[in-house]
Amino acid sequence: MRKSVDELHARRMLGGGPVLLVTTRWRDQVNVAPMGWHMPVSIIPPLVAIAVHPSRRTHDMIRSSEEFAINIPGPRLLDHVHYYGVVGGNEINKVEAGKLPTFAARRVIAPLLDHCVGWIECGLEDTVSIGDHTLFIGRVAAVQVDDEAFDDVWLLDDEDARPLHYIGAERYSALGEVLYAKVRTTESGAIDAPAPADDETPDDVERREQEQFERQRAEAEAVEKQAQGQAAPPGET
């Protein structure tokens, strides 16, 4: 059943992506803050963007240092991530108070947080004011990953090596099973799959899958017969 909700819920509906821990350093000050609003914006050159409210300490730190580091936490850091979001960086050194070990980055001066599943170091490429936030666009300078978590794609084999996702308030999630998509089309180019039925029962699902299997088998047999009919007679190859 559909229902209308407040327009401000759009930001929550578009959330659910990996939560980032953005670390910054300016002179003798360091800070860490969770970020839920982010995206890649270019492949070549590699650029990523994070949206930060001007009232946040991270905002001033990035403007001053012209760089930032992205730490991608897994489920083991759930409570740390929430702590970093609740506590303000103007009152306390959150990097020290969070008690997570840090290590030196390769290309930026901001510290990297240990026990994460990925790290992205960025130099500030551009700054864009949009609405009530600032979009900081970073040029990727170095990337490191936990090899049990990422190999061209997120592996999801180890529950502790999956990126943590933020879905609103104090609620978080992690990626679960891997779903493999298949695209089959009709001769006209339309998708060869029915739309899900609102009241589809398990028997309906089984029947639909059986019909699809039989249709695919018939198509394969037809292709095989056609290939046999077009085969050259012996001695003509």
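Each reported figure results from applying straightforward, stated rules to the coordinates on display, with no laboratory input. Just so you know, these numbers come straight off a predicted model, no measurement behind them. Note: ideal-geometry Cβ built from the backbone for every residue, glycine included; neighbour counts use all protein chains shown.
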_Less than 20 Å from a label point 7 Å out along the Cα-to-Cβ axis of residue 148: which backbone N atoms in segment 58-95 qualify, by residue?_
71-81
*Sticking with the crude label model, points 7 Å out along Cα→Cβ, report the distance from residue 137 to residue 29 in nm, one decimal please.*
2.6
*Stretched out fully, how many nm does the piece from residue 214 to residue 41 gain, at 0.36 nm a residue minus the Cα gap?*
57.9 nm
_Using the basic label-point model (7 angstrom from Cα toward the beta carbon), what is the residue 115 to residue 185 distance in nanometres?_
4.9
*Note, ³J(HN,Hα) from phi for segment 43-55, Karplus 6.51, -1.76, 1.60, rounded to Hz, x at Gly and Pro*: 8, 10, x, x, 10, 10, 10, 10, 9, 10, 6, x, 7
*Could you check which residue among 222, 69, 149 shows the biggest mean-square fluctuation in a GNM of the chain with a 10 Å Cα cutoff?*
222
*residue 99 versus residue 12, label points 7 Å from Cα toward the beta carbon: distance in nm?*
3.2
*Which residue fluctuates the most in the chain, going by a Gaussian network model with Cα springs under 10 Å, if the choices are 140, 183, 19?*
183
*Taking 0.36 nm per residue of separation and subtracting the Cα-Cα distance, what length does fully extending residue 106 through residue 87 add?*
4.1 nm
*Go through 194, 218, 229 and say which Cα lies farthest out towards the positive end of the charge dipole of segment 181-231; charges sit on Cβ, +1 for Lys and Arg, -1 for Asp and Glu.*
229
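What FRET efficiency would be calculated for the residue pair residue 156, residue 221, taking the C-beta separation as r and a Förster radius of 35 Å, to the nearest 0.05?
0.45
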